[in-house]
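Below you'll find the structure, written out as structure tokens, and then a few comments.
The values are calculated or read from the model by the stated rules, or taken from the named source; none is laboratory data. Keep in mind that this is a model prediction, so the values were computed, not measured. As a convention, Cβ positions derive from the backbone with ideal geometry for all residues, glycine included, and neighbour counts pool all protein chains shown.
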Amino acid sequence: MIEISEVLKFLYFQAFGVMLPGIAIMLLLCLKKINRTEFFVISYALGIVLNVVEYYVFYSLGISKLLPIAIIIIGIISICILIKKYNYIGDLENEFTLSISTLIISTIVAIITFCSFTLNNLSPELLGGGTYYQDILWNVGNVSSIQQEFPITDIRFASFPFKYHYFMHIHLAVMGAVTGIESFPIYTIYGFIGSNILLVYSVSILLYRIVKNKFVTVIGVVSLFFTMSLAQYMIPLTNHLYATPFGLAMSFAMAILCIYFVFKQFELDNLDIKYISLGIIFFVASLAAKGPVAAVILCGILAGCFIMFLKSKRKINYIIVGMLFLFTFVIFYFIVFSGGEQEIWGEFGHLVKNSGFGKIQINKFAVTGIAYKTSLILTVILYILFFLPVISIPFAISSLIMVFNIKRLDYKDAILFIISLAGICATNVFAHKGFSELYFMFTSIPFMMLFTFNITNKYVIKAKKFKIGKVILIPLFFLLLFLGVKEFTINYSENCIKGINNYKNSKLESDSNLPSYNSITRYEYEGMQWLKENTTFEDIILTDRYYVTKERGYKTERFFYYSTFSTRKMYVEGFDYVGIPKEESYVIDERVDLCNRVYNNEKEAIEKVKKDGVTYIIRSNLINTNFELNREFGEKVFENRDIAIYKLS
């Protein structure tokens, strides 16, 4: 499953491609008042940002093949800078206890990620075929899309521009281009251990900066990474960190580092170009990794600027900071990253009333005679409180404490509270295709934790008069923490055991599995490997697989197996995620219609797809068992039990 040579290549890239260049940048910046852990965390994050810059430079100039050489040169230059300025690192404060605690937590996070994600998504080569969550396949395809050509086009809809918040995918694409590791293992084995560890350390350094207490910091990090909802019918944040990770962890890490530098700037009377620049860099990185995250933290940054505008004598400074972040968001989100029909609309409680929890609660209220609108409002409140109880319930109590101490409100309180509130509100007043408004709520959770621990530390732990709070709130928190950790342990121990068993049985290949709508057989996989070895990135493949169920309807057009495992462009494959403007959506229907006509051997259709660049046709025995391409149009170049491939003449 994991080759030693691949592991060594991965470690080489982490050192020469990410960490060393990041350290060099930090040494050149010579930031003041940071400790050694903060130095290395920020260095690693900057190294990832540099990967994205490298991608755009080398791919836009058409010299992507020089990228591996460039990484070596940049790494050597970075080592020279490190040798010259090493004393700077030696002079930094070393928070050893906190570093060890965070290392232990991040190691556990890495192990859980590996067992629950990687081992549950082994290659079809090991499993003899298999079924995968469509979003995982789609994200693997994103990495392949980014590697193949610039400007980026969608591998599932050949030649169509692909716009998305693919910061994480670009980082992985560069890793693959430098190491030669293929897209599927890059994504499922090597992609998310680093981003999850970066998130652990980012949360740790910001929380410690806020509370200045190592024990409280460790408890806060544990509450975020090792607890989950007590109601299984809610979608926990941990699913997107461990079981089906996408770009969320990376976006969170970059957002938290952005807020870290905003706080550093607000501690000063004058504008510091280094802090502002780094804050904006990490803000853009967060936006590019997951757009909703940046939208939510922008609200908090603007709130902090407003508070400082009211309190500071240098009011113009905070107008400048606020406008810089606002303009950056507008430019990058609406111009650079936006693409296709966003399908977002206003609807109160859309996510909640369509969730398992919401349906049950609304029915319970209805039985008592409560009006539907009132039932929905009450259900939304309960959903917020029990989404992640160990954080959301203490957050509600901390919010009340803040209200009673409103005159002592500072920029940290305002920023963390508004980010939390903005995410909660956006989740419950907006609706998005596929219930993606959930990401607003996800964004709130780390900042709800940071806000709660900030308020509790200031007004409960350190306060001499708040004895009731110490007697009630702290025991309540630890009770919720115990219950949350217990639920997490039960859930993820099962998930990890499932992954381990999946690996143990991975070599028991089966010939009996027949083609089905949402799977790939070992024979189909064999065909995809033939395409990978005998075609180029310029080839476009026509396929008859679009759907993951026999029935046609919402969410069924998500068959991404062929593009994922061949890493080749499909004329049209699963088209549900194609980011195409509404006025151009007719192109999808046109391509599907052409494909259907091709499988009827219509000469006009075959000539049209050839003009569009199609060079190969796949016949799936599940969809078109009796199809044979007429010899006048091309020849059969591959065939096995489940699939046939034709090359057009």
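Below are the figures for this structure:
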| item | result |
| --- | --- |
| Leu119 surrounded by 12 or more Cβ atoms within 10 Å (Cβ to Cβ) and closer than 26 Å to Pro21 by Cβ | no |
| Unmet requirement for Glu583, which otherwise passes all of (1) within 30 Å of the chain's Cα centre (by Cα); (2) in a loop (DSSP other than H, G, I, E, B) | (2) |
| Test: Ile181 is outside the structural domain of Ala15 (by TED's automatic domain parsing) and over 19 Å from the mean Cα position of the chain (by Cα) | no |
| Any chance Phe150 is of a type in the set (Phe, Trp, Tyr) and buried (at least 22 other Cβ atoms within 10 Å of the Cβ) | no |
| In region 529-571, the residues that are touching a Lys or Arg at 6+ places or on another chain (Cβ under 7 Å) and on the phi > 0 side of the Ramachandran plot | Thr567 |
| All positions within region 602-630 that are more than 24 Å from Phe560 (Cβ to Cβ) and of a type in the set (S, T, N, Q) | Asn626, Asn630 |
| Leading residue by the ranking (surrounded by the most Cβ atoms within 10 Å (Cβ to Cβ)) among those in region 26-39 that are assigned to a helix (DSSP H, G or I), among the hydrophobic types (A, V, I, L, M, F, W, C) and in contact (Cβ under 8 Å) with a residue 24 or more places away in the chain | Phe39 |
| Residue in region 52-62 that is part of a helix (DSSP H, G or I), of a type in the set (Val, Ile, Thr) and in contact with an Asp or Glu (Cβ under 7 Å, 6 or more places away or on another chain) present | no |
| Residue count, region 88-136 (criterion: within 30 Å of Ser563 (Cβ to Cβ) and acidic (Asp, Glu)) | 2 |
| Tyr616 being loosely packed, with under 13 Cβ neighbours inside 10 Å and among the aromatic types (Phe, Trp, Tyr) | no |
| Residues that are under 30 Å from Pro581 (Cβ atoms) and part of a helix (DSSP H, G or I), drawn from region 353-382 | Lys353 |
| Qualifying positions in region 625-649 - surrounded by 15 or more Cβ atoms within 10 Å (Cβ to Cβ) and over 40 Å from the mean Cα position of the chain (by Cα) | Phe627, Leu629, Phe633, Gly634 |
| Residue identified as farther than 21 Å from Ile89 by Cα and part of a helix (DSSP H, G or I) among Ile42, Ile23, Ile48, Ile72 | Ile72 |
| Residue in region 527-544 that is closer than 18 Å to Tyr132 by Cα and surrounded by fewer than 18 Cβ atoms within 10 Å (Cβ to Cβ) present | yes |
